[in-house]
Structures are given as C-alpha cells and as structure tokens.
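Beneath this line is the structure, given in structure tokens, with notes to follow.
The values are calculated or read from the model by the stated rules, or taken from the named source; none is laboratory data. Worth saying up front: this structure is predicted, and the values here are computed from it rather than measured. Reconstructed Cβ throughout: ideal geometry from the backbone, glycine too, with neighbour counts over all protein chains shown. Side chains are part of the model used for accessible areas, which takes the heavy atoms of the whole protein and leaves out ligands, DNA and RNA. Shrake-Rupley method; radii C 1.70, N 1.55, O 1.52, S 1.80 Å.
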Amino acid sequence: MISLILRRGALSLATLFLLATFIFFATEVLPGDALDVSLSADEVAMMPPEVLARRKAELGLDRPILERYLGFLGGLLKFDLGRTIITRAPVADIVAMPLRNSMALAAVTLLLALPVALGIAMAAAQAKGRGLDNAVSGAAIIGYSIPEFVTGLLLIAVFAVWWPIFPATITASTDDPLSVLLAAAPLAVITTIIGSIAYLGRILRVGMIEVMASDFVERLHLSGIPRWRILLVHALPAAVIPGLSAAALYAASLVSGIVVVEMVFAYPGIGAELVRAVTRREVHVVQAIALAAAICVVSFNLLADLGISTLDPRTRSA
Amino acid sequence: MVGFSRRTALGAGTALFGALNAALAVAQPAATPRRGGALVYAQLSGNRRGGDATNSRHPYFMVDLITRSAYNTLAWVDEDLRLQLELATRIVPADASLKVWEVTIREGVRFHDGRVMTANDVASSFELHRRRNFASQQIQRTEVMNPTTIRFHLDAGNSEFPFVLAEYDCVVMPANPDIDRIGLEGIGTGPFRITGSDPQRRMTFERFDDYWRQGFPFLDRLEVINREGQSEAALAGYRARQFDAMLNIDPRLTRQMEREPQTDLVPAASGDQAVIILPKHPGSLFNDARIRRAFSAAIDREGLVRIVYGGTRWGWVGNDSHLAAADPMFVAPERGRDLALARRLLAEAGHPNGVTLPTLYYAPQWPEMARYFQFIQESVREAGITLPIEERPNDGYLRFRTGDPDVSKGNWHRFAYTAVGPRNPGISLFRMRPANNESGYWSGPAAERYMALYARAMLTAEAAARRAIYAEMQELLREEVPAILPAGRNNVLIKRSTVQNLKNHPQHWSIRWDEVWRSA
C-alpha cells in the first residue's frame, strides 16, 4: 500500500509540474495585460505612450517570458504564489477565502447529495425496469440535462421573487463566517445539489444494477442472507467502486468552481474569482486558481485510487 | 499671451469663479426629508479598479461610484455638468498665466477620525494625485500659504483647472508623509464612513455625524453591492427586494422596468457616447474629409436615439465632438441627416455609385452596441455607403483596436468604436488632438488650427470668450469630421418610490448620496 501511495504521489507531482507549465503558458496567450485593462478609456486617451511604457516596466510587464516562467516555478517550490500585478497584494490572500467558500459549497453539496443519490440508486436498481426505475432515470436525465443557470433562475423566480422566502442574490461578504455565507446561499446550494443528485444517482444506479446481477450476489441470495444485508453490506461497496473515480472528478469540479452557479447567485467562490482575474489579466491569480483546481483534480483522483484499492484488493498490484 | 493683462486675468477669473465662491449651491430637496433608515443599492457599470483586502478603502481602488460616499473633493461637477465648490470656498487664478491657482478651503471640516482638515492634508493628498492621477499630472507642486490656503503650480496655464479639482479620484485625505500609505485607511471627509469592505463586491457605510454639511446625510446606513456585468443577478435582487436601487441599468430594461410596481426610473441629463474612430493611415479612405463628412451626414442620429434608446429621455444626439449634450458648452448640430449632401460629397470624392467602407469593429461594452451599429449600417446604406460591421469580444478589445501609434510599423489602429464619458469641456475637446487614437491621428492645417484654438482656450479665463472658442472648435469638427460621435445614452438608475431625492448624474461617480432619504 505504501509503495502504491508513493508511486501515485510521484505521478501526481509530475502531473502537477506539467500542468503548472501548461497553465503558465496558457495565461501568456491572453491578449493584453493587467495594465491595459486597468486603465480607463480616459486614461488611455490622456496618457502619453512613454508614461505607459514606464508603468509597464514598473509593474514588471516587460520582463522576458523565460524569466517570468522561472520566477513562477521558483515561487511554487517555495509555496509562494506571488503578488498581484497592479496592487502587489499576496495572491494567496486573494485566493484563500474564495477557495474556502467553494470547498464549503462543494462539501455541503456532496454531504447532502451523496446519501440521496445512493438511496435513489439503490431504490432504482431494486426496481430495475419498473415504474420507479423509469421515473428515477427520467428525472435524473432531466436533472442532469438542464443547465445549472436555468435551474438557478427558476429557483430564483419561484423562491425569491414570487414567493420570497430566500434571497435571490448573495450579498454576504467573501470573508463572512461559513455559517453566514451558506445561510445566505440556500438557492445556490439547492441548484448544485439537484445537478449532483442527478449525476451521481445515474452513476451509482448503473453500478448497483451491475452488482445486483453478478454471480456473487446470486450466491449470497442462495446462501439465505437477507436482501437488505446483501444490498447494504455486500452490494453497495462493490457498486460504489466504479463510480468512485467519476464521483471524485465531480467533487473536484465542484471545488474548482461552479462558475455558472457562482455567477447566477453571486456566490463568492473560486470560479467567480477566476472570471474576475481573467478579465483583469491578473495572471498570477489565474495561475494560482488554475493550479488549485489542478491540485484538487489530482488529489481527488489519488484519493479515489486509494479508496478503490482499499475496497478492491485486486487493484493493488496494478 | 497676447492682449491679456494680469488685471484682465484676475478680473475675469474673479468674475468666472465668483459664482463658485458663494456657499455650496446644492439645492434643498422639495419635500421634508426624513432622517434614518438604510439603503442598499447595486451598481452594474464596469469598473477597472482591482482593489483587494490591502487597499479596497483607498479611493483609487474602490468601485468608482462609491468614492464620493466616503470622500470629498475640493470642487464638484453637478448634474448639469456645472462646477460647484465642495471642500473649497474659493478657487481663483493667482496670476494672468493661469499657471498658479489659489484655493481656500472650508474651515472646520473634520475627517472621519476626528481630525480637522487643513491645507497640509490637501497638499499631501495632491502629492499622491499628481503622481498617480492622469488629470493631475499637470500639477508641478503645491504650496501651503496658511492652514486654509494652498496654491497649485501647474506646468502650463489651464483655465479649466478647477475641474481637475473635481475629479473623483482627487479626494482629500489625511496627510501622510509616506504617499504609499496615504488613503489606505479609508478616512475621508464624506457623508458616510466606511464600516466594511469586501473588495469589488460589497461596501458598507454608516452616517458620519460630524459631516461638514450641517443636517446631512439623512440615511443612517448605506450599502453598495457591486454587480458589474451581472445585470440578471442584480435585477433578481431588486425584484426580491434585496436592493432599493440599481445604478446604470441596461437601456433595454427601461421599458420593462417602467411596469415594475413602486419603481421610478431616473435618467441623467447625459452619459457616455460612442466614438467611431476613422483611421487616417496611408491608403485609408478616411484621409479624404469628404468621405468622412458623407459618412457623418448619412447617419440618422435622431432615428438612432429613437430606435436604440427609445427616445430622447434615454439618449441624445451627438455633434461629432466629445462633448456631451448636457454640457453647457455643447453646440447642438444645426442640420440633421442630409442624404443629398452625403451623395454629393461621395460623388465629389470619386464615388458616384457609392462606396464600401472597411469593416467597422465594435465590442459589446454596452448591451445595445449590436443594435446601435446595425442601425447605422442600415442608415448609411441609403446614401450608397456599404458598411460591413463585426463584433469583437470585449476581452482584449482595447489592444485590438488601438494597434500601434507608430504607423511606420504597419500595425495600424482600426476603424473601430470606443466609448467615452462626459468630462469637462477642455478635457473632452482635447481628446480630438492629433496625437490621440480617438481622432484617428488627424493631421493637417485644420488639426493645427484646432489645437491652436485649444491652446487659446486654455489661456482664456473668461467663460464667455472660452465658450466662443469651444464653439469654433466644434464647428471645425463638424466640418472636418476627424471622428464620428453620432449619439449617446443617458445614465439610468431605478429606485423604489420610497427612496427620495436620488438624482442621477451624467458622470455616475458624482451622484450625491448625502441628500438621499427614505420616506418609508
């Protein structure tokens, strides 16, 4: 197991290095720079070209790409994400709270969606091909197909405008306690949960159906083990295995920013911060967020691999 | 300076600014204002300021609409674009050169931390502004004469210098020898003091009881929610009664919002306008003034305002200068659309059967831009002008359209649109200078004459004489058409009917919040 962890850890680090390099050069192709977009049309019209050039030099925007790349990698080795270009604020400070908020939204979503998705998947698998299964499958397809912004806007129209029991837009501050922030974001949470239940429910249902049709479940039935025990103790862990990787990637995508949901509800998460950073050409912030997203994906994948190895010993030698 | 004595300058300056030296002429609300209550508003306009936790209380890094809630400037431009005094009680030129201006500040004004404002605070603040604010770079140095008097020494005469003192960035902050620290605490003299800041997202204020305008402000609390580019989210918040007002709404929403219950739409007297930049690089069709004039004459400006903005309540006709229609110096165009003139000019320029212009690029910086240029495209077709148009993404648009000012490099700027907001007449008309991209790098005798007129205006203290010069400059622009500015939009805000005395402003950052009150 330890060697597996070391192998996968080393592979993850190599992946992260390649991703960091890709992220750096991807931000280089963005047109314009932070100074360009920080200036108003008035300022551009009134500022002589030599003043513009001087300010670019002051901000380090005229440094060669290789020099900036090496600086970026050197910073990463020291866990230093750098500073913003215009205001010289530490990037870690800019990213920390939105990252916390996105992680909280993802955690709440998964905590609420996973048990529901599991329950639905088990019920549907038990009733395979019958009315309940068809209804669950149909609802899951609809839930998964409807874009989150449509779900969000519908929820706003119903529960914030027509029947105003929830806020339509989140006005809580980025650094408010999570209890305050999440209490102000019920519609955002419900929107992500609907999509999550639909997605996870479909994956888990397929896994459950495959396992319930397998030989080992058949033998368990013949051994006289109660059906509920077969379902919960034997079938469920086996059914979860194929869905773990997909669920891990889904969880990573939740953390790394449900941009649409964040924009619809003005949730102060990492996705909204990324959009803002790209718009303002704060490439160090863009790099930090993209890297955080990459770390999430790699970490969740690693955890899923380890989880699968734990649940299924046959995979350990792979 | 010819024919311009010190006595003349001082006399004219006194006459010009005599009106300013009266007490601050801000009209009292008609109904009896009620004190107390809170107001939450959402602002939708784009904002380039990238404040963060370290500096979001600094006036340079706030969302620009918020600045005047916490800070004041020495002067203020009112809703009709006329200069009023604010923290200054007197602004006069110290000599005939108009290079030195003397300002007397209001006595007894307190900062939010309880300190009394002095001329040293003004000097310290402008030490920062003259280094960082584009409009203040003409200030070479300041000279404190006594605790309430300060002199500004400029690099050249500027008859409109008081407008610089009204720029929203040029606020007065407590003195600090370290200019990198000045303003970071968010302490101003404004009607509200900052109580909380979530950079680029939210700001909260409470009433400042020692505010220098006795009896103001009326509200106890003010909360600003930044929803730039999130019109739908803001609208949902307004309809869910989370917001009491929304600033800078999309003009397309006006008809819809007129049906909203207990809601008032408040247009400003003016707002931003579109500039169509006509490049004059080698080989460009726009080197020929007749083509430029034909293009300008073919545009149905009244139709543009009617169709795109829904009428003159929401939009206005431009005169091919950067001046806004609400500006007291604006000269309304004498003639409207003239298709016969357009066709004749095209024929004279060698295009009797019409002309196909290069592609006009625009970015959807305002939601109505696609309709705006589609209308122009159809409008000029009737004069035989074919105008291909292409929308470009907002992202990277500035660099796309500006190219390289050095035409020898071949990376020419584009036949493209940009947006401009209303400023003081001097700054606005200066934007058509030959060296600026917005004029399409206009050159030749007419451009030289234009700049000579501008230079004369800057040394003309007497307002009526300056108005005549500005009128001549606008006439020159209408004849030469270095760029086309067909029409502009009025800034529009919506508010609940219970919100009183919230006046909209052509420069949306200049809205006064100290006079706003709630009837319920």
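Points to keep in mind about this one:
- The residue of the range A:167-205 that is nearest to the other protein chains (Cβ to nearest Cβ), among those that are surrounded by fewer than 18 Cβ atoms within 10 Å (Cβ to Cβ) and of a type in the set (A, V, I, L, M, F, W, C), is A:180.
- Number of the exception - residue A:80 against (1) touching a strand residue (DSSP E or B) at 6+ places or on another chain (Cβ under 6 Å); (2) within 30 Å of residue A:61 (Cα to Cα): (1)
- Some residue of the range A:82-99 being open to solvent by 60 Å² or more (accessible area, probe 1.4 Å) and more than 14 Å from chain B (Cβ to nearest Cβ): no
- Qualifying residue in the range A:234-252 (condition: over 21 Å from the mean Cα position of the chain (by Cα) and within 14 Å of chain B (Cβ to nearest Cβ)): no
- Of all residues in the range B:430-441, those that are more than 7 Å from chain A (Cβ to nearest Cβ) and among the aromatic types (Phe, Trp, Tyr) have Cβ atoms under 6 Å from Cβ atoms of residues that are open to solvent by 10 Å² or more (accessible area, probe 1.4 Å) and in a loop (DSSP other than H, G, I, E, B), 6 or more apart or on another chain, in B:441/B:280.
- Options A:277, A:304, A:293: the member that is hydrophobic (A, V, I, L, M, F, W, C), more than 13 Å from chain B (Cβ to nearest Cβ) and closer than 17 Å to residue A:26 by Cβ: A:293
- Helices (runs of 4 or more DSSP H) fully within the range A:43-147 that include at least 2 residues being closer than 30 Å to residue B:430 by Cα: A:49-58.
- Residue check for residue B:456: part of a helix (DSSP H, G or I), over 21 Å from the mean Cα position of the chain (by Cα), among the charged types (D, E, K, R) and under 19 Å from residue B:282 (Cβ atoms): no
- When residues of the range B:184-197 are limited to those that are open to solvent by 10 Å² or more (accessible area, probe 1.4 Å) and closer than 18 Å to residue B:223 by Cβ, the one farthest from the other protein chains (Cβ to nearest Cβ): B:193
- Taking the listed residues A:155, A:220, the one that is without any contact (Cβ under 8 Å) to a residue 40 or more places away in the chain, in a helix (DSSP H, G or I) and more than 14 Å from chain B (Cβ to nearest Cβ) is A:220, with no other qualifying.
- Search result, residues across the range B:121-153 that are touching a strand residue (DSSP E or B) at 6+ places or on another chain (Cβ under 6 Å) and modelled with pLDDT under 95: B:130, B:138
- Where helices (runs of 4 or more DSSP H) fall entirely within the range A:226-318, those with at least 1 residues that are in contact (Cβ under 8 Å) with a residue 60 or more places away in the chain, under 30 Å from residue B:396 (Cβ atoms) and open to solvent by 30 Å² or more (accessible area, probe 1.4 Å) are at A:259-265, A:270-279, A:283-311.
- Residues of the range B:206-239 satisfying the condition of being within 14 Å of chain A (Cβ to nearest Cβ), crowded, with 22+ Cβ neighbours inside 10 Å and modelled with pLDDT of 95 or more: B:222
- The listed residue being surrounded by fewer than 20 Cβ atoms within 10 Å (Cβ to Cβ) and either more than 30 Å from residue A:234 (Cβ to Cβ) or touching a strand residue (DSSP E or B) at 6+ places or on another chain (Cβ under 7 Å) (or both), out of A:154, A:111, A:132: A:154
- Screening residue B:242 with (1) modelled with pLDDT of 90 or more; (2) part of a loop (DSSP other than H, G, I, E, B); (3) more than 14 Å from every other protein chain (Cβ to nearest Cβ) gives one miss only, at (3).
Each row is one residue, and each column tells you yes or no for (1) open to solvent by 10 Å² or more (accessible area, probe 1.4 Å); (2) in a loop (DSSP other than H, G, I, E, B).
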{"residue": "B:423", "(1), (2)": "yes, yes"}
{"residue": "B:427", "(1), (2)": "yes, no"}
{"residue": "B:434", "(1), (2)": "yes, yes"}
{"residue": "B:447", "(1), (2)": "no, no"}
{"residue": "B:452", "(1), (2)": "yes, no"}
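- Yes/no for residue B:144 being within 25 Å of residue B:61 (Cβ to Cβ), β-branched (Val, Ile, Thr) and touching a residue at least 12 places away in the same chain (Cβ under 8 Å): no
- The sole residue among B:467, B:478 that is outside any loop (DSSP other than H, G, I, E, B), under 28 Å from residue B:298 (Cα atoms) and touching a residue at least 60 places away in the same chain (Cβ under 8 Å) is B:478.
- Flag for residue B:268 being open to solvent by less than 10 Å² (accessible area, probe 1.4 Å), over 30 Å from residue B:414 (Cα atoms) and touching a Leu at 6+ places or on another chain (Cβ under 7 Å): no
- Residue match in the range B:272-286 (condition: modelled with pLDDT under 95, more than 25 Å from residue B:386 (Cβ to Cβ) and open to solvent by less than 50 Å² (accessible area, probe 1.4 Å)): yes
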